[in-house]
Amino acid sequence: MSSRVQRKRIRKDPAARRAEIVDAAAAVALAEGLECITLRRIGEDLDVRPGLISHYFPSAEELVAEAFGTAARNELDGLLPAAAPGRRPTERLARFFAHTTGEAYDAISRLWINARHLSRYRPLLRDRVAEQEGAWRGRLAALLHEGVADGEFRTADPDVTTIQILVVLDGLGAHANTDTGNRPTAVTRMAITLAERELALPAGALAPPVDDAPEDAAGDGAATDGA
C-alpha cells in the first residue's frame, strides 16, 4: 500500500509573494526576453496557479513592465550606487565603467534593446523605460555634479556630459546581440576616453583597479574598462 505525501503550502506575506513573482519574471526577462513573460509561465516557475499571479498582476503587461523596471533598477544600483561612503567621484566613475563590459552587462543591454523595441506597442512598458532612462541620467549626472563641486572634474555642463557618456554606452550596447570579441580596444574604451576628455581628466584616470574589473573582461584588451 503506497502513501502519498502531501506537500504543505506556505502562505506568504503579500509583499514577499509579490517580490517573488517580480524576481521570477525579471529572471525570465534577462534569460529569454520580455516576450516570454506570461502569467502561466511565471506560475509554473513558482509552482503556483496562474490565478495567484493574476491576483497581484491582473495582466501580463503589468508584470512585464514591473519585471523590466526591477531588472533595470537593480542594474543601476549595482553599477552606480546612490551612496558610496569613502569613495571619491573619480573612483566611483571608474568603477562604473569597469562594470559596463562583460557577459552580465551584455545581458542587461539585450534586455534594454528588447524593452525599447516592445515599448513602441506597450504603453505601460514605455512609461517604465522612460522612468528608468531618467533614473540613469539623474544618477550619473549627480555623480558628475559632485565631482565638479569637489574639484575633481571640470566641465562646463555636467548634464550634457552625462548624456554624451550614456549615448556612447547605448551605442556600444546596441551590439550586445552580435559578436564583439574582435572590437578594438579604442572602441571598447570610447566612453572612458570621452569622459576623461570632457571632465578634463588625464588619460588613464578612469582606469579601474584590477579588483573592480569584471572577470570575463580580463584578457580582452579592455580590462580597465563600456554598453
Of the residues that sit in segment 80-130 and are closer than 30 Å to residue 151 by Cα and either in contact with a Cys (Cβ under 7 Å, 6 or more places away or on another chain) or charged (D, E, K, R) (or both), which one is modelled with the lowest pLDDT? 87
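Residue under question is residue 94, and the condition is that it be on the phi < 0 side of the Ramachandran plot and part of a helix (DSSP H, G or I); does it hold? Working first, answer last.
Working: on the phi < 0 side of the Ramachandran plot: yes; part of a helix (DSSP H, G or I): yes.
Judged against the criteria, residue 94 is a match.
Out of the residues in segment 179-202 that are basic (Lys, Arg) and in a loop (DSSP other than H, G, I, E, B), state the one that is nearest to the chain's Cα centre (by Cα). Break it down stepwise before answering.
Taking segment 179-202 as the starting set, the residues that turn out to be basic (Lys, Arg) are 183, 189, 197.
Keeping just the survivors that are in a loop (DSSP other than H, G, I, E, B) gives 183, 189.
Numbers: 183: 22, 189: 19 Å.
Looking at the filtered set, the residue picked out is 189.
Got a sec? Which of 69, 78 is in contact with a His (Cβ under 8 Å, 6 or more places away or on another chain) and closer than 19 Å to residue 107 by Cβ?
Working: 69 fails: in contact with a His (Cβ under 8 Å, 6 or more places away or on another chain).
Exactly one residue qualifies, and that residue is 78.
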Expected single match for outside any helix (DSSP H, G or I), of a type in the set (D, E, K, R) and either farther than 22 Å from residue 169 by Cα or in contact with a strand residue (DSSP E or B) (Cβ under 7 Å, 6 or more places away or on another chain) (or both) among 87, 41 is 87
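Give 205, 176 a once-over and let me know the one that is assigned to a loop (DSSP other than H, G, I, E, B) and closer than 21 Å to residue 36 by Cβ.
Values: 205 fails: closer than 21 Å to residue 36 by Cβ.
Going through 205, 176 in turn, just one is assigned to a loop (DSSP other than H, G, I, E, B) and closer than 21 Å to residue 36 by Cβ: 176.
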Pull out all pairs, ordered by first then second residue, where Cβ-Cβ is under 6 Å, the residues are six or more apart or on different chains, the first lies in segment 14-25 and is surrounded by 14 or more Cβ atoms within 10 Å (Cβ to Cβ), and the second is outside any helix (DSSP H, G or I). 25/37
Take the residues in segment 103-155 that are within 20 Å of the chain's Cα centre (by Cα) and of a type in the set (Ser, Thr, Tyr); name whichever of them is surrounded by the fewest Cβ atoms within 10 Å (Cβ to Cβ). 119
How do the pairs read when you match residues in segment 150-175 that are at negative phi and at pLDDT 95 or above with residues anywhere that are surrounded by fewer than 17 Cβ atoms within 10 Å (Cβ to Cβ) and among the β-branched types (Val, Ile, Thr), using Cβ under 6 Å and keeping only pairs 6 or more apart or on different chains? none
Counting only residues that are within 21 Å of residue 100 (Cβ to Cβ) and either in contact with a Lys or Arg (Cβ under 6 Å, 6 or more places away or on another chain) or in a helix (DSSP H, G or I) (or both), segment 131-160 contains a total of 20
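The values are calculated or read from the model by the stated rules, or taken from the named source; none is laboratory data. Remember, predicted model here, so these are calculated numbers, not experimental data. Reconstructed Cβ throughout: ideal geometry from the backbone, glycine too, with neighbour counts over all protein chains shown.
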